[in-house]
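Asks: Provided herewith is a single structure, encoded as structure tokens, for subsequent inquiry.
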DNA sequence: TATAATAGAACACAAGTAGAACCAATAGGG
DNA sequence: CCCTATTGGTTCTACTTGTGTTCTATTATA
């Protein structure tokens, strides 16, 4: 199913993605043709059929303006991967769980949710039991709050400060001290983009 | 049921939305026809029927001016009433605004959303800029965090402690002191049930 | 030489339109 | 209160147009 796309197919797919962000309705084959510099919608149709086979486009059974991209995941739910507590690996949840997340609290990039254990970020307003939304990334800017893996085993949620020689992870709890590591000890898993808490 | 609209149907729906904001009564089919450049209300009726099937318009059983939009109000959005800062009235937002709220952060009872201004609840992990979800209620149990109106004018977000003789409102900020009132000065607007924060 | 890409024609079906005739609701006059 | 006229929604059928589908043949590309 997921065989690799030819160059032209990739090009068409990219165009569809852009069009999708910009317009309410998918384009017609004729519109696509002129946008891509083709003069035969028959040829285009064949290409699109390939995208359908690849699982990237909904099969359009005679519908007009039916070139719809397969919608990527539910737009309002994210997977809850487990618990995060300073100094322990992320504790996975037994069965796969998901949670509703408002679009305001996430980004367009892939995100996941963790539940916080412990008080290491209490002064940033992140409490025990809160859910945090994390954008999956392997780099961060200084000052961002990241989920980082130390020595490949211990996961932690901290504010990051990177210098050429070392990485410092700052807890937001005056009872705890910043932790210093060499850059190759720390692997960034993602960056905090949202947080939510329930009081009942 | 919720299949996607054709281009014409979308156009009609958009027009209805705009008309809805502007006028008291829905338009007649004839009015719609001339507005949309149609000359047959029969055709229009067919389109509208499609909108009814899609669940966007109330079925209009022979009623006059019966093209009523279905009250949208997904069960996942709540109205944002304004800002709350200790010691000032709730500052209303100009135009009616709504926000997506996961069911986990709300209750089944009527709720609304406020945005927090200031640091009076910082030690409870509620920061400047956070959105809070409040269940509409006029009573609270001791220890709950409430939106309360003081002397009918000043709204505030505080943890409540009620005794027979007085009401104490505790801020969660050691720089501020608890406030004491007589019970008839304080009217409870709602109880905090959820909170969310965006980091971007 | 095989695979990808293209053009073009012929076709089929969905979307949109018009118009007429038919009902249902309301308002006004006896 | 009933009768009737008028307004406005409902239901058809027929037609036009837009747009996806299929095919066959030809040209690039690797």
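The values are calculated or read from the model by the stated rules, or taken from the named source; none is laboratory data. Keep in mind that what you see is a predicted model, and the values were worked out from it rather than measured. No Cβ is skipped: glycine too gets one built from the backbone with ideal geometry, and neighbour counts run over all protein chains shown.
Asks: One residue is enough: does the stretch A:152-161 have a residue meeting the conditions surrounded by fewer than 17 Cβ atoms within 10 Å (Cβ to Cβ) and touching a residue at least 40 places away in the same chain (Cβ under 8 Å)?
Replies: Scanning the stretch A:152-161, I find at least one residue that is surrounded by fewer than 17 Cβ atoms within 10 Å (Cβ to Cβ) and touching a residue at least 40 places away in the same chain (Cβ under 8 Å), so the answer is yes.
Asks: Please tell me if residue A:8 is within 14 Å of another protein chain (Cβ to nearest Cβ) and within 12 Å of DNA strand C (Cβ to nearest atom).
Replies: Here the answer is no, as residue A:8 does not meet what is asked.
Asks: Turning to a different aspect of this structure: In the stretch A:17-26, which residues are within 13 Å of chain B (Cβ to nearest Cβ) and either under 14 Å from residue B:6 (Cβ atoms) or without any contact (Cβ under 8 Å) to a residue 12 or more places away in the chain (or both)?
Replies: Once the filter is applied, which keeps residues that are within 13 Å of chain B (Cβ to nearest Cβ) and either under 14 Å from residue B:6 (Cβ atoms) or without any contact (Cβ under 8 Å) to a residue 12 or more places away in the chain (or both), the stretch A:17-26 yields A:23, A:24, A:25, A:26.
Asks: Given the conditions (1) at pLDDT 95 or above; (2) under 29 Å from residue A:104 (Cα atoms); (3) out of contact with any helix residue (DSSP H, G or I) (no Cβ under 8 Å at 6 or more places or on another chain), and given that residue A:198 satisfies all but one, which numbered condition is not satisfied?
Replies: Among (1) at pLDDT 95 or above; (2) under 29 Å from residue A:104 (Cα atoms); (3) out of contact with any helix residue (DSSP H, G or I) (no Cβ under 8 Å at 6 or more places or on another chain), the lone unmet condition for residue A:198 is (3).
Asks: Do we have any residue at all in the stretch A:184-192 that's farther than 17 Å from residue A:119 by Cα, within 13 Å of chain B (Cβ to nearest Cβ) and buried (at least 16 other Cβ atoms within 10 Å of the Cβ)?
Replies: Yes.
Asks: With B:182, B:153, B:187 as the choices, which residue is under 23 Å from the mean Cα position of the chain (by Cα) and farther than 30 Å from residue B:76 by Cα?
Replies: Selected residue: B:153, the only one of B:182, B:153, B:187 that is under 23 Å from the mean Cα position of the chain (by Cα) and farther than 30 Å from residue B:76 by Cα.
Asks: Check the stretch A:29-36 and report whether any residue there is assigned to a loop (DSSP other than H, G, I, E, B) and out of contact with any strand residue (DSSP E or B) (no Cβ under 7 Å at 6 or more places or on another chain).
Replies: No, the conditions are met nowhere in the stretch A:29-36.
Asks: Moving on to the next point. When you go through (1) touching a helix residue (DSSP H, G or I) at 6+ places or on another chain (Cβ under 9 Å); (2) under 30 Å from residue A:18 (Cβ atoms) one by one for residue A:135, which number turns out not to apply?
Replies: Result: residue A:135 fails condition (1) only.
Asks: Further question: Quick check on my filter: what residues within the stretch B:46-67 are surrounded by 15 or more Cβ atoms within 10 Å (Cβ to Cβ), within 10 Å of DNA strand C (Cβ to nearest atom) and modelled with pLDDT of 90 or more?
Replies: Correct list: B:47, B:50.
Asks: Here's a follow-up. Scanning for something at pLDDT 90 or above, away from DNA strand C (no atom under 16 Å from the Cβ) and assigned to a helix (DSSP H, G or I), does the stretch B:88-107 turn up at least one residue?
Replies: Yes.
Asks: Determine, yes or no, whether residue A:70 is under 22 Å from the mean Cα position of the chain (by Cα) and either within 14 Å of DNA strand C (Cβ to nearest atom) or at pLDDT 85 or above (or both).
Replies: no
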